[in-house]
Amino acid sequence: MIFILGLIVRLLFLFSFDPEFTKQFLPGIKTVLGWFADKVDSTGMVTDLEWWNFTDWAEGFANGIPPGVDNGYSANVALQYVYALQNAADIFKYFGYSAKAEIYNHQKRAVQQAILDKCFDRGSGLIAETPEKEIFSQHSNIWAILTNTVPEAQQQQLMEKILQNENLIQCTIYFKFYLFRALQKTGMGNKYLELLGPWYNMLEKGMTTFGERDINPRSECHGWSASPCFDLLHTVAGIFPEKPGFEAVIIQPNLGELQSIEVAFPHPKGMILLKFQKEGNSDIKGEIYMPASLSGSFLWKDYSVELTEGLNRISFPN
């Protein structure tokens, strides 16, 4: 689960107002990425990985491990490595270690090219799990979007395949966090509310906490399935950092079928308050209150406006 390294430290990097807290993890990041770099062989992909390379409890992943990990090459795990390198490069550059950041970027590009050369299936337009190109998952293609291994111009089309192709190995409830990141990245965040079926199913079963899995949840109090607590703010309300340390904010709502929304978001500098009313499918009106010394941008379809502290009135089109 090397992607967890990339995710956790990136979230600290983006959301924390304490750069020194994040900086203390740089030596550990170098150690972990160095271990994986030693596992890259002449093919350009990682192999001979030890221990339990868990990725998801998906049907088709034996004991949670993607195909190819234990006996060859896995595009899935290679893309997780790319994801970690990508995030590490941004973090090291921020702290002034540009040479190390460029090394990580160089390693990232080399592994991406190896994945495309060996695992991209031109017929389906999908990344296969292994070079044999016999098994495909949502997971690897989500990573291909999040790492820009597939060019940005092709990512929305790939996202549609991920959502529509039922023959792909499907994400379980916890991995949908990354599905939603790809949905948001490809400008398809308005579909988010349509994909909450597994959580509604939990409610119908009388559960009051989040299950570990979609079916036969086993553990009925599992934090890794709690992504709606994040996404109702990050995706639906659309509030997320524009700069490291949350020094500036982007507000890009994805209301889906909702006609109105009212949100209070706790930011280190104070509360961000939103109140939107949608008119038809494309018009929006409302207010955004920004705390002192915080700026940002509001994005809605092709419109944008700079946000300043205090009350900001929103009306698109004007």
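Grab the Cα-Cα distance for Tyr303 and Glu220, subtract it from 0.36 nm times how many residues apart they are, and report the gain in nm with one decimal.
Separation in residues times 0.36 nm, less the Cα-Cα distance, equals 25.6 nm.
Around the amide H of Ser295, modelled in the peptide plane, lie the amide H atoms of Val249, all under 5 Å away and 5 or more residues distant in sequence or on another chain.
For Cα pairs less than 8 Å apart in space and 6+ apart in sequence, what is the mean separation divided by the residue count of the range 72-182, i.e. the relative contact order in percent? Walk me through the numbers on the way to the answer.
On the way: 126 pairs, mean separation 27.5, N = 111.
RCO, the range 72-182: 25 percent.
Across the range 167-178, rounded Karplus estimates of 3J(HN,Hα) from the backbone phi angles (6.51 cos²θ - 1.76 cosθ + 1.60, θ = phi - 60°) give 7, 6, 4, 8, 5, 8, 4, 6, 6, 4, 3, 6 Hz, Gly and Pro being marked x. Look at the Cα gyration tensor of the range 185-227: its axes a ≥ b ≥ c give a/c of at least 1.5 with a/b over b/c, and that counts as prolate.
Decide, for the range 211-318, between rounded, prolate and oblate: order the square roots of the alpha carbon gyration tensor eigenvalues as a ≥ b ≥ c, take rounded if a/c falls under 1.5, and otherwise choose prolate if a/b is larger than b/c, else oblate.
oblate
Phi-derived couplings, Karplus 6.51 cos²θ - 1.76 cosθ + 1.60 at θ = phi - 60°, listed residue by residue for the range 53-59: 8, 5, 10, 6, 7, 6, 5 Hz, with x used for Gly and Pro.
Loop sites here are GluC sites (Glu not before Pro) outside DSSP states H, G, I, E and B with no more than 11 other Cβ atoms within 10 Å. The longest part of the chain free of them is 167-256. Karplus-based coupling profile of the range 203-218, in residue order and whole Hz: 4, 5, 7, x, 6, 10, 10, 8, x, 6, 10, 5, 10, 6, x, 6, with θ = phi - 60° in 6.51 cos²θ - 1.76 cosθ + 1.60 and x standing for Gly or Pro.
Find out how many positive minus negative residues lie around Lys39, taking Lys and Arg as positive, Asp and Glu as negative, among other residues whose Cβ is under 13 Å from that of Lys39.
On the way: positive: none; negative: Asp38, Asp41, Asp48, Glu50.
Taking every other residue near Lys39 into account, the sum is -4.
Excluding ligands, DNA and RNA, the accessible surface per residue across the chain is 48 Å² with a 1.4 Å probe.
If I compute solvent accessible area with a 1.4 Å probe over the protein chains, what percent of it on the chain is carbon and sulfur? Walk me through the intermediate numbers first.
Values: 7890 of 15280 Å².
Carbon and sulfur: 52 percent of the exposed surface of the chain.
Around Thr147, under 15 Å between beta carbons, what's the net of Lys plus Arg minus Asp minus Glu among the other residues? Could you put the intermediate results ahead of the total?
Working: positive: Arg10, Lys108, Arg109, Arg181, Lys185; negative: Asp90, Glu152.
Net charge around Thr147: +3.
Please identify every one of the chymotrypsin sites (Phe, Trp or Tyr not before Pro) in the range 181-225 that sits in a loop by DSSP and has no more than 16 other beta carbons within 10 Å of its own beta carbon. Please report the intermediate quantities before stating the final value.
Details: sites: Tyr192, Trp199, Tyr200, Phe210, Trp224; in loops: Phe210.
The qualifying sites: there are none.
Taking 14 Å as the straight-line reach from the Cα of Lys133, the aspartates and glutamates in range (excluding those fewer than 8 positions away in the same chain) are Asp117, Asp121.
Using only DSSP helix segments of four residues or longer, with each worth -39500 (n - 2.57), what per-residue ellipticity at 222 nm results for the chain after dividing by its residue count and rounding to 500?
My calculation for the chain gives -11500 deg cm²/dmol from helical runs alone.
Specify whether the C-alpha gyration tensor of the range 9-60 places it in the rounded, prolate or oblate class, a ≥ b ≥ c being the square roots of the eigenvalues: rounded for a/c under 1.5, otherwise prolate if a/b is larger than b/c and oblate if not. Verdict is oblate for the range 9-60.
Work through the residues other than Ser315 whose Cβ is under 11 Å from its Cβ and net out their charges, Lys, Arg +1 and Asp, Glu -1. It would help to have the intermediate numbers written out before the result.
Numbers: positive: Lys285, Arg313; negative: Glu279, Asp283, Glu287.
Taking every Cβ under 11 Å from that of Ser315, the sum is -1.
For the pairs Lys93/Lys278; Lys176/Lys243; Lys30/Lys185; Lys176/Lys205; Lys161/Lys275; Lys23/Lys301, note any where the Cα-Cα span goes beyond 30 Å. Mind dumping the intermediate values first?
Numbers: Lys93/Lys278 40 Å; Lys176/Lys243 25 Å; Lys30/Lys185 27 Å; Lys176/Lys205 20 Å; Lys161/Lys275 34 Å; Lys23/Lys301 36 Å.
Those over the limit are Lys93/Lys278; Lys161/Lys275; Lys23/Lys301.
Compare the Cα positions of Ile142, Gln113, Gly270 along the charge dipole of the chain (+1 at Cβ of Lys, Arg; -1 at Cβ of Asp, Glu; about the Cα centre) and return the one farthest towards the positive end. Highest projection toward the positive end goes to Gly270. Going through the range 17-74, which chymotrypsin sites (Phe, Trp or Tyr not before Pro) have at most 12 other Cβ atoms within 10 Å and a DSSP loop state? Hits after loop and neighbour filter: Phe17, Trp51, Trp52. Can you list the residues, at least 5 places off or on another chain, whose amide H is less than 5 Å from the amide H of Ile169, using H built in the peptide plane? Amide H to amide H, under 5 Å and 5 or more residues apart or across chains, Ile169 pairs with Phe136, Ser137, Gln138. Hey, which aspartates and glutamates would be in cross-link range of Lys39, C-alpha to C-alpha under 15 Å, not counting anything within fewer than 8 residues on its own chain? The reachable aspartates and glutamates, counting only those whose Cα sits under 15 Å from Lys39, are Asp48, Glu50, Asp70.
Please report the relative contact order for the chain, taking Cα pairs under 8 Å with a sequence separation of at least 6, and give it as a percent rounded to a whole number. Before the final figure, lay out the partial values.
Numbers: 521 pairs, mean separation 37.7, N = 318.
Relative CO of the chain lands at 12 percent.
The values are calculated or read from the model by the stated rules, or taken from the named source; none is laboratory data. Keep in mind it's a predicted model, so treat the numbers as computed, not measured. When we count neighbours, we look across all protein chains shown, and the Cβ atoms used for this are built from the backbone with ideal geometry, even at glycine. To get the accessible areas, we keep the full protein, side chains included, count just its heavy atoms, and leave off ligands, DNA and RNA. Shrake-Rupley method; radii C 1.70, N 1.55, O 1.52, S 1.80 Å.
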